[in-house]
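Contents: one structure, followed by commentary.
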Amino acid sequence: MKEFPKNFLWGGATAANQFEGGWKEGGKGISVSDVAMFKELKTEKDLNDVHANCDITDEMIDAALQSDDETIYPKRHGIDFYHHYKEDIALLAGMGFKVYRMSIAWSRIFPRGDENEPNEAGLQFYDNVFDECLKYGMQPLVTMSHYEPPLAFAREYNGWYDRRSIDFFCNYVDVITKRYKEKVKLWLTFNEIDSIIRHPFMTGGLIESRFSPDKFEEVCFQAMHHQFVASALAVKITHENIPDAKVGCMLTKLTYYPYTCKPEDILEAQQKMRSIYCYSDTQVHGEYPAYLLAMYKNKGFDIKMTKEDLEIMKAYPVDFISFSYYSSSCVAKQADGLEVTAGNTITAIKKPYLPSSQWGWQIDPIGLRVSLVDLYDRYRKPLFVVENGLGARDTIEEDGTINDDYRIDYLQKHIIEMYKAIEEDGVEMMGYTTWAPIDLISNSTNQMSKRYGFIYVDVDDHGQGTYKRSKKKSYDWYKQVIATNGASILNAKQG
Ligand code: BG6
């Protein structure tokens, strides 16, 4: 009888900025996500305009601050977990989750980011959340920063571009790891640290319009350097405060294949993959890879880094590697005339052989196995898939049911490939958390209608609805997967 390794951590993943709501309650400060605006995406061109919902200017922020409207700034209400957390955690626990990945909103603990003393009401909120999880035997896996830099930190300091960001963040990490030392043993530093290149405002608090366009890439890599140092220090601080904790990095696993077997396309794909791996290479090996330093040199970047920074990065690498995986795409040396499609905050060449989601993301379960093998061969550290899922429009039938067979099909195929990576390829895995077990606001499009959950939440793109929760068909399916440690799908006859 096939099943996953004993103690495999099954669960689901969310992020405060996309589902917590309560944006001004309990002393919380405004975060960069609270000014992210909803725009209707109607055409394929809109979907492929991946930056449309990420770019922001000072004028747009000023306008957002003038308004208390939650409907055009959907991350302000999310799904109102802030007031529904007991009900939501009970629903997640009802599926038998072993682990629940979530994030702490930095701006709930330090409303501006630069204070010395934390906001007690914010700390108490997460105490309540963790207690509720532990009540059901569900262990929290906590991301320290998931697109939630405080807005004041972005506006007044230029976010992570300012070196003082390292101290602010370390103070925050020290506070949360001391406070939750008995409750949280699994931590991730920055969600998708690489995403600062794709959405600099959400990840790094960088307001692009403030910088000269020809310097902006350098600005992003400077901010990233500060995050690398802060991440290494976060590993140090967490281990000092919680000796039995494990701390991971988190990478967007964008998987690119060569469009053809022409050597030029293969080289193009290799280069592209290096541009993805450079972040985890740095965090796992504790030093910049030579090819990234060569890129800085060739582009004339002057990234300010001290000897001490490099020593810190070397001394405190991460304990494990986590990543998100949704889809794959292609690259080619000559891309003219090839069809492109959207992916996770990217556009890339469409593959001839793969189906796409309603948002254009190409569905490739085997790509997950390829990714696991590549990452394990490269790092030989335990891997944790902390995001994988299908964003889709769900339909409520007349009898109230939601038959999301497409979601079951997507997840099932990915889980089977994950099993093969463990059993046939020798990959060491800690666990798997789907994105997202309960519907929430999309990061890239700010839509509610792009749903990932096993649990439906009655809210629309304009924040209208009862916020009532109901189980989709996939809820019982995933519950069964967890209860049988994967055996329910691994041993089922494939139709
Ligand atoms: C991941 C992010 O890259 O993708 C999540 O960590 C995000 O925050 C998820 O929600 C899915 O992307 P989207 O744009 O469909 O919400």
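The values are calculated or read from the model by the stated rules, or taken from the named source; none is laboratory data. Everything numeric here is computed off the predicted structure, so don't read it as measured data. No Cβ is skipped: glycine too gets one built from the backbone with ideal geometry, and neighbour counts run over all protein chains shown. These accessible areas exclude ligands, DNA and RNA; they are computed on the full protein's heavy atoms, side chains included. Shrake-Rupley method; radii C 1.70, N 1.55, O 1.52, S 1.80 Å.
Averaged per residue, what accessible surface does the chain expose to a 1.4 Å probe, in Å²? Show your work: numbers first, answer last.
On the way: 19170 Å² over 495 residues.
Per-residue value: 39 Å².
May I ask you to give the percent of accessible area on segment 261-417 that is carbon plus sulfur, with a probe radius of 1.4 Å? Don't jump to the answer; show the numbers that get you there.
Working: 3870 of 7350 Å².
In segment 261-417, the share of accessible area belonging to carbon and sulfur is 53 percent.
Volume per residue for the chain equals 147 cubic angstrom (convex hull of Cα atoms). Computed packing ranks the peptides 257-263, 6-12 as 6-12, 257-263, most packed first, by mean other Cβ atoms within 10 Å. Qualifying chymotrypsin sites (Phe, Trp or Tyr not before Pro) in segment 348-402, where qualification requires a DSSP coil assignment and no more than 16 other C-beta atoms within 10 Å, comprise Tyr353.
Each 5 Å bin from 0 upward holds the following percent of the Cα-Cα pairs of segment 341-431: 2, 12, 20, 19, 17, 15, 8, 4, 2, 1, 0. Computed about the Cα centre, the dipole magnitude for segment 9-490 is approximately 960 debye when only Lys and Arg (+1) and Asp and Glu (-1) carry charge, each at its Cβ. Near Tyr126, once Lys and Arg are set to +1 and Asp and Glu to -1 for all other residues with Cβ below 10 Å from its Cβ, the sum equals +1.
Can you tally the net charge around Val386? Count Lys and Arg as +1, Asp and Glu as -1, for every other residue whose Cβ sits under 12 Å from the Cβ of Val386.
Net charge in that neighbourhood comes out at 0.
Rolling a 1.4 angstrom probe over segment 7-138 with all protein chains present gives an accessible area of which 50% lies on carbon and sulfur atoms. With only the Cα atoms considered, segment 375-495 has a convex hull volume of 124 Å³ per residue. In whole Å, how far is the Cα centre of segment 320-361 from that of segment 442-492? Cα centres, segment 320-361 to segment 442-492: 24 Å. With 22 Å as the limit on Cα-Cα distance, the pairs of Lys185/Lys236; Lys253/Lys473; Lys236/Lys272; Lys262/Lys297; Lys75/Lys253; Lys181/Lys471 that go past it are Lys253/Lys473; Lys236/Lys272; Lys262/Lys297; Lys75/Lys253; Lys181/Lys471. Rounded to the nearest 500, the helix-only mean residue ellipticity at 222 nm of the chain stands at -12000 deg cm²/dmol, with each DSSP H run of n ≥ 4 adding -39,500 (n - 2.57).
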